[in-house]
Each structure stands twice: as C-alpha cells, then as structure tokens.
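The values are calculated or read from the model by the stated rules, or taken from the named source; none is laboratory data. Since the model is a prediction, treat every value here as computed from it, not as a measurement. Heads up, the Cβs are rebuilt from the backbone with ideal geometry, glycines too, and the neighbour counts pull from every protein chain shown.
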Amino acid sequence: MNVLTLQQELRDFAASIGVDKIGFTTAAPFVDLKHLLKQQQELNYQSGFEEENIELRTEPTLLLEEAASIIAIAVAYPSRMENAPTGKKGARRGIFCRASWGTDYHTVLREKLKEIEGFLVERVPGIKFRSMVDTGELVDRAVAERAGIGWSGKNCSIITPEFGSYVYLGEMITNIPFAPDEAIEDQCGECTLCIDVCPTGAIVQGGQLDSNRCVAFQTQTKGFLPDEFREKIGNRIYGCDTCQTVCPKNKGKKNWLHAAFEPEPELAKPLLAPLLSMTNKEFKSQFGHMSGSWRGKKPIQRNAIIALAHFKEEDAMPQLIDLLTKDERPMIRGTAAWAIGKIAAAEAEEVLLAALQLEQDPDVLNEIDKGLTLLKN
C-alpha cells in the first residue's frame, strides 16, 4: 500500500476511535532535547519519576532498531466540571487536578494505541512498533511538538490551537516511513502569566521547570512535605492546574468530548474528613480508576491533613488527634501534629504536649515542636 494513502487512512481511523489529534514525525534523534535534559540533570531539576538514561529518552532507534517514524496522538480532557460540589465549614473538600478526572488516561490512551496497532498490523506485513503513554522512555511533549500536535508552552505543556493544553499525549515508534508533519509555531509571545503565578516559582523560565519545586510533584511525594510547600498547596490533594488555568490559550476550552474523562464530582472534589480514615481497600474501590491514585492513599491522606489545616477546620480536630495518637505511620502522625498546631483549637496545646511525652520517632517529635511553635505565633 502507498504510505501516503495509509497515512490518510490512519488519520481517519484515529478520528473514528476518539483520537482528537494525530501527527507524524521522523525517528531522528531529539538533539536539542538531549542538551536540555543534561542541563536539567546538572541543575537537579528532574523529579525522579523520569527515565534516567538520556540516550533512551532522545534516541528512538535505541527503543526500536528499525524505527523510521513516530506517530503522536493527543486526546482532550475537560477543563471544567458541571455540578461541582462546594466545600463549607464542617464539610471541607480537596481537589484532584483536571488530568486525574475520570478514568486513568494511561488506560484510555493505551487502548487507543492498541487499536491503532491493530489497524496497522492488518495492513502492513512485517510492521514493527513500540507504543508508550507517559511512563515510556521518550518525552511525550517533545514528540508531540515535533509532530505538529501543538507547541511547547512556557508552562512546559503542549498547547494545541483546538484544545489548549488540556490534552493527554501518547506515541508509537514504527518502522513505517510516514511523512512528517510540520511543527506549529510558538504562540506564547510575550505572555508570562504561567511563570508569574506559579505558587512556588517552579517555572524557572519559559519552558524550564524545576520539578522538585512543582506543587504537582510535591503532592505525589510519599514523605513529609517540606515546610515551604505546606502553605502553597491549599486544598490540592493531587496535582496542580494553576499554570494551565491562567493560560490565555485555554480560555473557553471546555473539552467535554469523552465520557471516560468526565469527572465524578464527589471524587474529583472529595470531602477531606473521610479520606483520613479510609482503608486501602476503600481507597482503591473509590479512587483506583483515577490516575491520581497511582501513589496510593498515603500521600492523599497527608495532603488532606494539610488541606484541613489550610482551612483551619476545627471540626477535624478529633480525627487529627486520633491520627496523632494512634496511627502507625510516622509521616501521618507528624503531619497531624503540625496541622493541630496550625488549626490552633483550644485543646491543641494540651494534645501536643501530651504527645510530646509519648512519641519516640524523631521526625514526629520535630513536627510536634513545629505545631507548638505555631501555637505561639
């Protein structure tokens, strides 16, 4: 079959299965990206979730020896929620970022890539391919940018003219020599809103992110949250959307296109208090289908405690005291101690002083001291 004919048929097929954008690029090395990634490593700006081997991230032929081109796909996700519940005193709520609403995008995009694989296998004898979504070696944004899906914005997201930056990305390396698409010209211009409003200054400059300072990254860590970020995460329990919500290119982009990504309001903005006593089984049952559950319940519970402290929610004191005195996990006990000091309810000092006498873990003792210090300020 003629490759150009196949390429057009593939575009049509992708649209029929709910792929919102598809683009093609060569399997040539990502030379500029290689330099950027080396700089990121030298500056310690990487999160640790990425593939460490820069060669694997920038040399497609190391992943598929016969690689001739890369297919990039994008699927849009909602930027707004209908019937969003409102938190109030005694019933405070946290929020998952938009990229975690609905069904885990890894699952959805992998299914779409499998359908594309099947489409090509039927038409191309001896086809070879390797598909990936987010957790693969290649840098999704770099592939999408070169394949004409969108441009790489100053907020370090791919921004598409049609859907803004609210898109999930995936790609397939293949030995089929598809014709490459043209990249889209950068349209950020002089705008620096995403840099200006980043809660922690994680966007060092346009297109460069210190991942370790990113609120989205910090909400996914498993240890104690550093003090400087506790005041910044607010009621975010997973992820952060600030650099996307302020982007002018996202204005008016609702993207209510795929039922799989429509948020369940009570899960996307869950009540905080029930999260604190949730078992692993209950957590998996309620949140296991969401991408925001991938790190387990512990970081979510820690963030929920911090969110309750953010609201100074005195109604949460009995639960926080229970966590401080009974929970087996030092990080949860310690965060609860800090939150008790932050909320500063009438019984806070007595509770913390009593815990100080019984606690043996040095990290938790340190958090109790922080809580007592907060009471004095």
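Brief remarks follow.
- Within the stretch 278-293, the residues that satisfy the criterion of being in contact with a strand residue (DSSP E or B) (Cβ under 9 Å, 6 or more places away or on another chain) and either outside any loop (DSSP other than H, G, I, E, B) or over 28 Å from Tyr166 (Cβ atoms) (or both) are Phe287, Ser291, Gly292, Ser293.
- Selection status of Val204, in contact (Cβ under 8 Å) with a residue 12 or more places away in the chain and within 30 Å of His289 (Cβ to Cβ): no
- Cβ-Cβ under 7 Å pairs, at least 6 apart or on other chains, the stretch 8-20 side closer than 15 Å to Leu113 by Cβ, far side among the hydrophobic types (A, V, I, L, M, F, W, C) and surrounded by fewer than 17 Cβ atoms within 10 Å (Cβ to Cβ): Asp20/Leu257
- Filtering the stretch 128-170 to residues that are touching a Cys at 6+ places or on another chain (Cβ under 7 Å) and hydroxyl-bearing (Ser, Thr, Tyr) leaves only Ser165.
- Filtered residue count, the stretch 3-39, keeping only those that are more than 15 Å from Ala183 (Cα to Cα), crowded, with 16+ Cβ neighbours inside 10 Å, within 26 Å of the chain's Cα centre (by Cα) and at pLDDT 95 or above: 4
- Here Ala344 fulfils each of the conditions (1) under 21 Å from Thr221 (Cβ atoms); (2) more than 25 Å from the chain's Cα centre (by Cα); (3) of a type in the set (Gly, Ala, Ser) apart from (1).
- Only one of Arg333, Arg295 that is at pLDDT below 95 and not hydrophobic (A, V, I, L, M, F, W, C): Arg295
- Qualifying residue in the stretch 330-343 (condition: at negative phi, touching a helix residue (DSSP H, G or I) at 6+ places or on another chain (Cβ under 6 Å) and not in a helix (DSSP H, G or I)): no
- Odd one out for Asp186, checked against (1) in contact with a helix residue (DSSP H, G or I) (Cβ under 9 Å, 6 or more places away or on another chain); (2) surrounded by fewer than 16 Cβ atoms within 10 Å (Cβ to Cβ): (1)
- In the stretch 233-254, residue surrounded by the fewest Cβ atoms within 10 Å (Cβ to Cβ) [restricted to those that are under 17 Å from Thr200 (Cβ atoms) and hydrophobic (A, V, I, L, M, F, W, C)]: Val246
- Restricting Leu209, Leu275, Leu257 to residues that are of a type in the set (A, V, I, L, M), touching a strand residue (DSSP E or B) at 6+ places or on another chain (Cβ under 8 Å) and surrounded by fewer than 20 Cβ atoms within 10 Å (Cβ to Cβ) narrows the list to Leu257.
- Hits in the stretch 40-54 (condition: surrounded by 14 or more Cβ atoms within 10 Å (Cβ to Cβ) and part of a loop (DSSP other than H, G, I, E, B)): Tyr45, Gln46, Ser47, Glu50, Glu51
- For the stretch 58-88, the set of residues classified as in contact with a helix residue (DSSP H, G or I) (Cβ under 7 Å, 6 or more places away or on another chain), surrounded by fewer than 22 Cβ atoms within 10 Å (Cβ to Cβ) and more than 21 Å from Asp32 (Cβ to Cβ) consists of Pro78, Ser79, Met81, Asn83, Ala84, Pro85, listed by residue number.
- Here Gly201 does not fit the description of being more than 15 Å from the chain's Cα centre (by Cα) and at pLDDT below 95.
- Residue in the stretch 21-41 that is farthest from Leu62 (Cα to Cα), counting only those that are of a type in the set (A, V, I, L, M, F, W, C) and touching a strand residue (DSSP E or B) at 6+ places or on another chain (Cβ under 9 Å): Ile22
- Pairs meeting the criteria (first residue in the stretch 164-189 and touching a residue at least 24 places away in the same chain (Cβ under 8 Å), second residue assigned to a loop (DSSP other than H, G, I, E, B) and aromatic (Phe, Trp, Tyr), beta carbons under 6 Å, at least 6 apart or on different chains) are Tyr166/Tyr77.
Residues checked against (1) among the acidic types (Asp, Glu); (2) in contact with a Ser or Thr (Cβ under 9 Å, 6 or more places away or on another chain); (3) touching a residue at least 40 places away in the same chain (Cβ under 8 Å):
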position: Ile158; (1), (2), (3): no, yes, yes
position: Leu193; (1), (2), (3): no, no, yes
position: Gln208; (1), (2), (3): no, no, yes
position: Arg213; (1), (2), (3): no, yes, no
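- Selected residue [in contact with a Ser or Thr (Cβ under 7 Å, 6 or more places away or on another chain) and closer than 28 Å to Trp101 by Cβ] from Asn303, Asn280: Asn303
- Scope the stretch 192-205; condition part of a loop (DSSP other than H, G, I, E, B) and surrounded by 17 or more Cβ atoms within 10 Å (Cβ to Cβ); matching residues: Cys198, Pro199, Thr200, Ala202
- Flag for Ala74 being under 24 Å from Thr160 (Cβ atoms) and without any contact (Cβ under 8 Å) to a residue 60 or more places away in the chain: no
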